[in-house]
Amino acid sequence: SIMKNLFVVLIFTQLALAEIAIMSGEEGTYSYSIGQELSKINKTINIESKGHLENLIKLTKRYDILSIVPSDTLTYIHELFPRKMAKVRVVAKLPKIQVHLIVKKSSSINSLDDLIGKKINVGDDFESSSIFSSIFESNFDLRWKKMTYSTDVAFNYLLNGYKKLDAIILVGKAPMKVIEKNLSEIRFIELPIIGGYDYSSFELKDKYEIL
């Protein structure tokens, strides 16, 4: 597993807003729980979203929201759309979340190269795990078959011999209940270190950490 920063970001503006909305994530996720905590601040409301990518897309179109976005998503979207991201600013750095590449304990997969052509669950297109999958494919010239099952369905397919899935990319704050529940039947593929960004200035700065 590797760790990445989670940020609260906004579009730079001098507008004095009567109420601030926070785009967080799906109910039950770590990002959503952070949004709930932040919503306790006066004039702040938490808005459930489909995932971190939707948070960032909405942010580039509105001036009245904050968004919770991981470092890798900021990096990826900034490289694709630098002009749109030019006004995005980080206002708070949150606790780190983890990226897990999970296979069945009996799997013959032992490295990223072994995943070429395999079926990898990355979740919905708006989820951080999907963005992370795209980043790895781009950086290491990998190609796998992206599956979009829910987390519970993905673990069922991975562990119960249906041959519908070879691995799962899962992003979240450890410990994750679904991992703890299936820990005896899974193992983790070590992920390589990738350069990260200092998003206050968008300069290459630090690196992800291997757990």
Can you spot a residue in the range 104-125 that is modelled with pLDDT of 80 or more and on the phi > 0 side of the Ramachandran plot?
yes
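Which residue is nearest to residue 31 (Cα to Cα), if the candidates are limited to the range 50-66 and must be outside any loop (DSSP other than H, G, I, E, B) and without any contact (Cβ under 8 Å) to a residue 60 or more places away in the chain?
Taking the range 50-66 and keeping what is outside any loop (DSSP other than H, G, I, E, B), we get 52-59, 65-66.
Cutting the leftovers down to without any contact (Cβ under 8 Å) to a residue 60 or more places away in the chain gives us 55-59, 65-66.
On the way: 55: 11, 56: 13, 57: 16, 58: 16, 59: 16, 65: 15, 66: 13 Å.
The qualifying residue nearest to residue 31 (Cα to Cα) is 55.
Residue by residue, here is whether (1) out of contact with any Lys or Arg (no Cβ under 8 Å at 6 or more places or on another chain); (2) over 16 Å from residue 76 (Cβ atoms) holds:
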site: 107; (1), (2): no, yes
site: 120; (1), (2): no, yes
site: 127; (1), (2): no, no
site: 135; (1), (2): yes, no
site: 150; (1), (2): yes, yes
site: 162; (1), (2): yes, yes
site: 177; (1), (2): yes, yes
Which of (1) within 15 Å of the chain's Cα centre (by Cα); (2) modelled with pLDDT of 80 or more; (3) among the acidic types (Asp, Glu) does residue 72 not meet, given it meets every other one?
(2)
Can you name every residue in the range 67-97 that is in contact with a strand residue (DSSP E or B) (Cβ under 9 Å, 6 or more places away or on another chain), open to solvent by less than 10 Å² (accessible area, probe 1.4 Å) and either among the hydrophobic types (A, V, I, L, M, F, W, C) or without any contact (Cβ under 8 Å) to a residue 24 or more places away in the chain (or both)?
68, 69, 74, 88, 97
Return yes or no: is residue 150 open to solvent by 20 Å² or more (accessible area, probe 1.4 Å), at pLDDT 75 or above and touching a Gly at 6+ places or on another chain (Cβ under 8 Å)?
yes
Answer residue from the range 26-42, given it is among the polar types (S, T, N, Q) and open to solvent by less than 40 Å² (accessible area, probe 1.4 Å) and is farthest from residue 53 (Cα to Cα) among those
39
Name, by its number, the condition in (1) modelled with pLDDT of 80 or more; (2) exposed (fewer than 14 other Cβ atoms within 10 Å of the Cβ) that does not hold for residue 163.
(1)
Test: residue in the range 135-146 that is open to solvent by less than 70 Å² (accessible area, probe 1.4 Å), under 21 Å from residue 180 (Cα atoms) and at pLDDT 90 or above
no
Mind listing just one residue for me: the one in the range 113-162 that is without any contact (Cβ under 8 Å) to a residue 12 or more places away in the chain and either assigned to a loop (DSSP other than H, G, I, E, B) or among the hydrophobic types (A, V, I, L, M, F, W, C) (or both) and, of those, nearest to residue 71 (Cα to Cα)?
141
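The values are calculated or read from the model by the stated rules, or taken from the named source; none is laboratory data. On a predicted model such as this, the values are computed, not experimentally measured, just so you know. Cβ atoms come from the backbone with ideal geometry, glycine included; neighbour counts cover every protein chain shown. Remember, those area values only see protein heavy atoms, side chains included, never the ligands or the DNA or RNA. Shrake-Rupley method; radii C 1.70, N 1.55, O 1.52, S 1.80 Å.
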